[in-house]
Amino acid sequence: MTASTLHENSLLTTASAAAHDTPEHALPEGWLAVESLDIDAQGIARRPDGKVVFIEGALPFEQVSVNVHRKKNNWEAGTVTAVHHESSQRVRPGCPHFGLHAGACGGCKMQHLHESAQVAIKQRVLEDNLWHLGKVKAENLLRPIEGPAWGYRYRARLSVRHVHKKGEVLIGFHERKSRYVADMKVCPVLPAHVSAMLVPLRALIFEMDARETCPQIELACGDDVTALVLRHLEPLSEDDRARLRAFGAKHRVQWWLQAKGPDTVRLLDEPSTESGRIDVLSYALPEFGITMPFKPTDFTQVNPFINRVLVARALRLLDARAHERVIDWFCGLGNFTLPIATTAGEVLGIEGSETLVARSRENLAGNQSGRDRPLAPTTFAARNLFEMTPEQLVADGVAQKWLVDPPREGAFALAKAMADLHQNPALRGSWAPPKRIVYVSCNPATLARDAGLLVHQSGYRCVAAGVVNMFAHTAHVESMAVFELDPSRTPGDTAP
């Protein structure tokens, strides 16, 4: 089952999980009582005949009127037109560009909901997905990981468009449910210095010769460096390069240029041998004495404040000991791998991107020196983890613990290979499954699917799960689950 199909199913299962008792008093004609929120932050209500209605802009426990713009046999979708009874959790949005009005920014979906309620909704989405898609119920709920709700977004892809009718350049996220770029002058979820840079950036691009052929600016903030990657479809003139240099010097921005694909990303001005090295993008994990350099187009977590707490909790839950071997699947730059190497006996990091594997090896070497206790022996390998087989899993050797941190598509092939080995002990030989798995997920639907395989076909218990509010004010649900091998489940059996 694909990630997109799971997403669609998760919307319907969340709707079916909502309470739908008949109200004690009938509502006025046309009003709807909102019962819950779905994974896309739409209110869920039911008509008297039981038909589900998804309502953008509505919150649980509100009574609303709706403009329906889409109808199917068993559900409808619409936008709230009036709130007759307001939720106590409704708050004033912190951004002037948020809302349901024409031209509203589509980057956030939940600014009208109190931050604590956002986290509670995401916890409910996680639990509903685990149960309805994976038939799994966590034995314990982890306390949600929360952090700053504003100024947290250190990574962003901003669209750029010269709008002739307006006589100006727009830079920002797309409008709500539109391909047009929102007319944004501030963005409170971006770091304050980046938000303050949006209007000057618009003026900069408007002045450039290449204003028609620069469709995107990618933001990457490190602890000390702010990098902007300008996508340009035609070579830049010397005048444009001079404009970029002046802007960079004034706003303390490091410009990178991208002519075609990600492999074409280059600094605006490569340092000469006389000028020495440039400032390097990096972020620190101070609890582990780790510093992670990265390139502006490498994958790193959007929210560095949450990432520090996420890594620390994942390692506490993993509890890797000095005599244990650990495999970090989908290891990326080594965000979890290198901290694991501070306590484990041996670590293997596996990632699909050769570029990221090369970067992780560089980061390993850079973090080995000057330590009181050297990092454990650590190796990295590049492999397509969406084509994992039982044979390859056995070839990777025995590890007592696993850390799994896949993209939105999840780790189905890995979980399926594990299930196949459990169901066919003859394939295993001397290989043994890990005693504990910590699974970090950015998609509760694919986590639930993979959890179903681990619990029902691979001999594991889901001992804990909880949400990570990596993207405050959005409907994005990041989460973490812990699985432990059940000694009472012998190879070949399945959960009842």
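The helix-based estimate of mean residue ellipticity at 222 nm for the chain, built from -39,500 (n - 2.57) per DSSP H run of four or more residues and divided by its residue count, is -8000 deg cm²/dmol to the nearest 500.
FRET efficiency for the pair GLU287 and VAL394, taken as 1/(1 + (r/R0)^6) with r the Cβ-Cβ distance and R0 = 30 Å, rounds to 0.30.
Summary of packing: across the peptides 229-235, 435-441, the per-residue average of other C-beta atoms within 10 Å ranks them, highest first, as 435-441, 229-235. Considering only PHE288, ILE278, LEU257, and ranking their Cα positions along the charge dipole of the stretch 240-340 that arises from unit charges at the beta-carbon of Lys, Arg, Asp and Glu, the one farthest toward the positive end is LEU257.
Over every Cα atom in the stretch 385-483, the radius of gyration and the widest Cα-Cα span, Dmax, amount to 13.8, 49 Å. On the beta carbon distance between TRP31 and THR494, with R0 = 45 Å, the FRET formula returns roughly 0.40. The tail of the calculated P(r) for the chain, taken as Cα-Cα distances beyond 28 Å, holds 59 percent of the pairs.
Panel values: the stretch 100-172, Kirkwood radius from alpha carbon pairs, Stokes-Einstein at 25 °C and 0.890 mPa s, translational diffusion coefficient 152 µm²/s. At full extension, ARG92 and ALA246 could sit 51.6 nm farther apart than now, given 0.36 nm per residue minus the alpha carbon distance. Treating each Cα of the stretch 441-496 as one equal point scatterer and applying the Debye formula with no solvent, the log10 of I(q)/I(0) at q = 0.16, 0.18 Å⁻¹ comes out as -0.53, -0.62. Annotation: amide H of ILE290 within the under-5 Å range of LEU285, sequence separation 5 or more or interchain, hydrogens built in the peptide plane. Take every DSSP beta bridge whose two residues both sit in the stretch 41-138; close to 75 percent of them are antiparallel. Under 5 Å between amide hydrogens, built in the peptide plane, is the criterion, and for THR81 it picks out SER65, VAL66, ASN67 among residues at least 5 positions away or on other chains.
Spin-label pair ASP223-ARG143: with each label point 7 Å from Cα along the Cα-Cβ axis, the two points sit 2.5 nm from one another. Working from label points 7 Å from Cα in the Cα-to-Cβ sense, the GLU234 to ARG428 distance is 6.4 nm.
Per residue, the convex hull spanned by the Cα atoms of the stretch 185-228 measures out at 81 cubic angstrom. Out of every Cα-Cα pair that the stretch 290-375 contains, those further apart than 20 angstrom amount to 31 percent. Would you list, by chain and number, the lysines whose Cα falls below 19 Å from the Cα of LYS401, excluding same-chain residues fewer than 8 positions away? In chain and number order, the partners are LYS416, LYS435.
Express the carbon and sulfur contribution to the solvent-accessible surface of the chain as a percent, rounded to the nearest whole number, probe 1.4 angstrom. Carbon plus sulfur share of accessible area: 52 percent. Our coupling estimate for the stretch 31-43, obtained by passing each phi through the Karplus curve with A = 6.51, B = -1.76, C = 1.60 and θ = phi - 60°, is 7, 10, 9, 7, 9, 6, 10, 9, 5, 9, 6, 9, x Hz, Gly and Pro reported as x. Considering only DSSP beta bridges where both residues belong to the chain, give the percentage that are antiparallel (nearest 5). Bridges in the chain that DSSP calls antiparallel: roughly 65 percent. Here the 3J(HN,Hα) profile of the stretch 160-168, calculated from phi with Karplus coefficients 6.51, -1.76 and 1.60 at θ = phi - 60°, is 10, 8, 8, 9, 5, 4, 8, x, 7 Hz, Gly and Pro shown as x. Rg ratio for the stretch 227-295: its Cα radius of gyration over 2.2 N^0.38 Å, N being its residue count, equals 1.30.
Along each principal axis, taking the top coordinate minus the bottom one, the Cα set of the stretch 32-144 gives 43, 37, 24 Å in descending order. In terms of its C-alpha gyration tensor, the stretch 412-454 has a prolate overall shape, because the principal axis ratio a/c (a ≥ b ≥ c, square roots of the eigenvalues) is not below 1.5 and a/b outweighs b/c.
The shape of the stretch 212-361 comes out prolate: with a ≥ b ≥ c from the C-alpha gyration tensor, a/c is at least 1.5 and a/b beats b/c. For the stretch 118-233, the C-alpha radius of gyration divided by 2.2 N^0.38 Å, with N the number of residues, is 1.42.
A Cβ-based charge dipole, computed about the Cα centre of the chain with Lys and Arg at +1 and Asp and Glu at -1, lands at about 300 debye. Placing +1 on the Cβ of every Lys and Arg and -1 on the Cβ of every Asp and Glu, with nothing else charged, gives the stretch 253-360 a dipole about its Cα centre of roughly 280 debye. Since only VAL169, ALA448, ASN367 are under comparison, the one whose Cα sits farthest along the positive direction of the charge dipole of the chain, derived from C-beta charges on Lys, Arg, Asp and Glu, is VAL169. Overall shape of the stretch 310-357 was characterised from the C-alpha gyration tensor. The equivalent ellipsoid obtained from it has semi-axes of 19, 12, 7 Å, in decreasing order.
Taking every alpha-carbon pair within the stretch 351-425, the share separated by more than 16 Å comes to 61 percent. Distant-in-sequence amide contacts of GLU76, defined by a placed amide H-H separation under 5 Å and a gap of 5 or more residues or a different chain, comprise VAL52, VAL53, PHE54. Looking at the stretch 360-419, the trypsin sites (Lys or Arg not before Pro) that sit in a DSSP loop and have at most 15 other Cβ atoms within 10 Å of their own Cβ are ARG371, ARG383, ARG408. For the stretch 224-233, the Karplus equation 6.51 cos²θ - 1.76 cosθ + 1.60, evaluated at θ = phi - 60°, returns couplings of 10, 10, 10, 10, 10, 9, 8, 7, 10, 8 Hz by residue, with Gly and Pro reported as x.
Model label points for SER116 and VAL83, set 7 angstrom from Cα along the Cα-to-Cβ axis, are 1.8 nm apart. Taking the centroid of alpha carbons for each part, the stretch 130-149 and the stretch 404-471 are 15 Å apart.
As a calculated quantity, the FRET efficiency between ASP263 and ARG373 at R0 = 41 Å, using C-beta atoms, amounts to about 0.65.
Look at the alpha carbon pairs under 8 Å that are at least 6 residues apart: their mean separation over the length of the chain gives a relative contact order of 14 percent.
The values are calculated or read from the model by the stated rules, or taken from the named source; none is laboratory data. Predicted model only: the values in this text are computed from it and were never measured. Heads up, the Cβs are rebuilt from the backbone with ideal geometry, glycines too, and the neighbour counts pull from every protein chain shown. Just the protein is used for accessible areas: all its heavy atoms, side chains included, with ligands, DNA and RNA removed. Shrake-Rupley method; radii C 1.70, N 1.55, O 1.52, S 1.80 Å.
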